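Everything on this sheet refers to the single structure shown next.
The values are calculated or read from the model by the stated rules, or taken from the named source; none is laboratory data. What you see is a predicted model, and the numbers here were worked out from it, not measured in a lab. Cβ atoms come from the backbone with ideal geometry, glycine included; neighbour counts cover every protein chain shown.
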Number of protein chains: 2
Amino acid sequence: MGIVTTPEYELYYWPTIQGRGEFVRLALEDAGAAYLDIARLEGKGKGMDAMMKLLGRRSDPPFAPPALKWKGGLVWQRANILHAIGPTLRLAPRDEATRVYLLGVEMTISDLINEAHDTHHPISSSAYYEDQTSEAKARSKAFRQERIPKFLGYFEKLVGRKAMLMDRHTYVDLSLFQIMSGLQYAFPKTMTKLAPSFRGLIRLQKRIAERPRIAAYLESDRRVHFNRDGIFRHYKELDSAR
Amino acid sequence: MGIVTTPEYELYYWPTIQGRGEFVRLALEDAGAAYLDIARLEGKGKGMDAMMKLLGRRSDPPFAPPALKWKGGLVWQRANILHAIGPTLRLAPRDEATRVYLLGVEMTISDLINEAHDTHHPISSSAYYEDQTSEAKARSKAFRQERIPKFLGYFEKLVGRKAMLMDRHTYVDLSLFQIMSGLQYAFPKTMTKLAPSFRGLIRLQKRIAERPRIAAYLESDRRVHFNRDGIFRHYKELDSAR
């Protein structure tokens, strides 16, 4: 897993946060893929310099990280990367109809991620949290009371009583694990209160955490801890059981 | 085009706004596809009732409109629909690498659309604009000064001096037309001021508007006008040349 000598995948993502890149890391780790987490490495063609160079390249630069070099090409946008590499990693079937179904769910996860980010930055992502705290409280309240129930209620409906979303393990299951973990970190009181409504998702989350490669990854130093620079951030004043 | 007797496509979207559904309408219209805009029609299996029934169905409901019935299946999430139907409509090639490239750009358009929506609803999408106007002003300022230049600057870089994004006409060109039109409607002062920086996008927008089927569509009553219920909304107080 992780870093080997002949990597097939080069991930370009911020080195100190889970963020949107974590969903790609989880897929690569779960599949046991040989990959380099470029910005977290040192040396020629690695580190933050290499990532900034990629973002600034003249021909078809990605809009933002994460981006993945693979098969001589570049794929970017979180859900797009998972969609693109899913079949090769055996985390998605090859038939178009199922891939499109999974992508629809994964894009909905993207919407939830964007909204989770905006709970702490409702006015401007370039301004400090401290300068938009009162707006963050208002947005977080709406997020906790309306949006988390709406998104997770939807995913719970899709999962139902099954052990996973589809009749086979896919990248969407890994992403659902990550959003549950992120929301529990950021909004522990809310998620504790809501837990009875999301038994299927919590069961799925537990099952994913127990997959041998994921369990090993979560214990390793390749897993960045949640922190206040990522998408899911814990601020006591933004969480509540009400 | 538009409505014929044997439609291959059934679009489910809010009947009184352009919104996210408009990007799908533009693709279907440009391709001369036979489609039904279900919620805008009357009769059995049509109208808002039919859409609400689809949203509430037990098995694999879409999270939100737009959704498209096609080939006996259902595709949803705006960018996913365009990705899925692109090759059949001859609005995307069939090779996977190019499809993934286009999808990355289209997902970035989704991000811009979400942010455009949040300019008038920065706190809660279920609350009235009038109850979040001061926050909307602050968010709009950041959107006008930082986000529009960032997103459009990126798309302008991709388009460059070309007549379209790729060496062939794709659904992304149609989407770029729509975001330019939407931003010009919502933020006329901002977009007039910024116009010199986005010559490539404005040229592309004009070229799309002149495509015969699009020109006919824009003149028809199938094109809903921009209004204050859609994604792109004009409020004088949210726009500024500064």
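Return the residues of the range A:150-173 that are more than 12 Å from every other protein chain (Cβ to nearest Cβ), within 29 Å of B:Ser125 (Cβ to Cβ) and over 16 Å from the mean Cα position of the chain (by Cα); say none if nothing qualifies.
Across the range A:150-173, the qualifying residue is only A:Glu156.
Does the range A:53-62 contain at least one residue that is touching a Gly at 6+ places or on another chain (Cβ under 7 Å), more than 10 Å from chain B (Cβ to nearest Cβ) and assigned to a helix (DSSP H, G or I)?
Within the range A:53-62, none of the residues are touching a Gly at 6+ places or on another chain (Cβ under 7 Å), more than 10 Å from chain B (Cβ to nearest Cβ) and assigned to a helix (DSSP H, G or I).
Collect the residues in the range B:64-92 that are part of a loop (DSSP other than H, G, I, E, B) and on the phi < 0 side of the Ramachandran plot, keeping them in residue-number order.
Listed by number, the residues that qualify are B:Ala64, B:Pro65, B:Pro66, B:Gly86, B:Pro87, B:Thr88, B:Leu89, B:Leu91, B:Ala92.
Among what's in the range A:113-143 and is over 16 Å from B:His121 (Cα atoms) and touching a helix residue (DSSP H, G or I) at 6+ places or on another chain (Cβ under 9 Å), pick the residue that is farthest from the other protein chains (Cβ to nearest Cβ).
Of everything passing the filter in the range A:113-143, A:Tyr129 is farthest from the other protein chains (Cβ to nearest Cβ).
Kindly list, by first and then second residue, each pair from a residue in the range B:69-91 that is under 15 Å from B:Ile113 (Cβ atoms) to a residue that is surrounded by fewer than 19 Cβ atoms within 10 Å (Cβ to Cβ) and at pLDDT below 95, limited to pairs with Cβ atoms under 7 Å and residues at least 6 apart or on different chains.
If the second residue must be surrounded by fewer than 19 Cβ atoms within 10 Å (Cβ to Cβ) and at pLDDT below 95, no pairs are left.
List every residue pair whose Cβ atoms lie under 9 Å apart, where the two residues are 6 or more positions apart in sequence or sit on different chains, the first residue falls within the range A:93-106 and is in a loop (DSSP other than H, G, I, E, B), and the second residue, located anywhere, is among the aliphatic types (A, V, I, L, M).
Final answer for the pair search is A:Pro93/A:Leu102; A:Pro93/A:Met166.
Criterion first (assigned to a helix (DSSP H, G or I), farther than 23 Å from A:Arg20 by Cβ and of a type outside the set (Phe, Trp, Tyr)) does A:Ala195 satisfy it?
yes
With the requirement that a residue be polar (S, T, N, Q) and farther than 21 Å from B:Leu36 by Cα, what does the range B:190-242 give you? I'd like the intermediate steps shown before the answer.
Keep residues of the range B:190-242 that are polar (S, T, N, Q), which gives B:190, B:192, B:197, B:205, B:220, B:227, B:240.
Of everything in the range B:190-242, those that are polar (S, T, N, Q) and farther than 21 Å from B:Leu36 by Cα turn out to be B:Thr190, B:Thr192, B:Ser197, B:Gln205, B:Asn227, B:Ser240.
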